[in-house]
Structures are given as C-alpha cells and as structure tokens.
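Working notes, structure below.
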Amino acid sequence: MSAIITSPDTATSADATWRVAGQVRWRLWEDEAAVYNGRTGDTHHLADFAAWVFAMLCRGPASATGLTRAAEEAVELRSGEAPGAAIGRTLALLRRLNLIEETRREQGR
C-alpha cells in the first residue's frame, strides 16, 4: 500500500476522506494511543483529542466533516477550540507524521 502525498492544506479539507496509513501499527487505550510508523521507524504517543481522532480513523475512513460531527456529540474540548478547527489541526498533524493518508477516490463513481 502506498501513501498519497498531498499538501498540508488538503489535510483540513472537509471533502477529503482519511484513513490510517497501511504501514502504521497501533495500540489504543481509553484516552491514548501508541502508534508505530513502519516506514519511518518512529513511534508516537497520542493523548486526549489526537488519540480520539486516531481511534476514530482506526474504526474506518472518515472525512473532517464526519469527524467534526462525531466530536460535537462525543468530546468536550478543554481548550475551548471549535471542534472543526481542532479536527483540521489534528488531521494536519497526523498527516505530517505520515500516520494517515487520503483515500483514493474510485474512478467512475
């Protein structure tokens, strides 16, 4: 499975659908995740909101819009940041770390 290289700006696009990258392995707990990137050899510790976003993507591909709706129903942000802004920022971070990738849109659909 190959990663799709996109500009950081697309990580915040509501139209993009994101998934956990194929070379990534993880362990999830209640409010944290340990994530190993097989391509880079890096291990990352995600806590709180970043762990929640990553866990949602472990369940299946999702868009920023879908994640924002889920966050509005399930998460209380301590920072007071709007859920949409927090999702965009977190997706951009996960993308920079090569932990997620944009799903390919199938031709003819």
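With a cut-off of 15 Å between beta carbons, the residues surrounding A82 carry a summed charge of -1, where Lys and Arg count +1 and Asp and Glu -1. Backbone amide hydrogens, once placed in the peptide plane, bring V24 within less than 5 Å of G38, excluding anything fewer than 5 places away on its chain. Compactness ratio for the stretch 8-102: Cα radius of gyration over 2.2 N^0.38 Å (N = residue count) comes to 0.98. Using alpha-carbon pairs under 8 Å, 6+ residues apart, how would you state the relative contact order of the stretch 8-102 in percent? Once normalised by length, the contact order is 38 percent.
How much net charge surrounds L94 when only the other residues with a Cβ under 12 Å from the Cβ of L94 are counted, with Lys and Arg +1 and Asp and Glu -1?
Result for the neighbourhood of L94: +2.
All of the numbers you see were taken from the coordinates with simple rules; none came from a lab. This structure is a prediction, so every number in the text was calculated from the model and none was measured. No Cβ is skipped: glycine too gets one built from the backbone with ideal geometry, and neighbour counts run over all protein chains shown.
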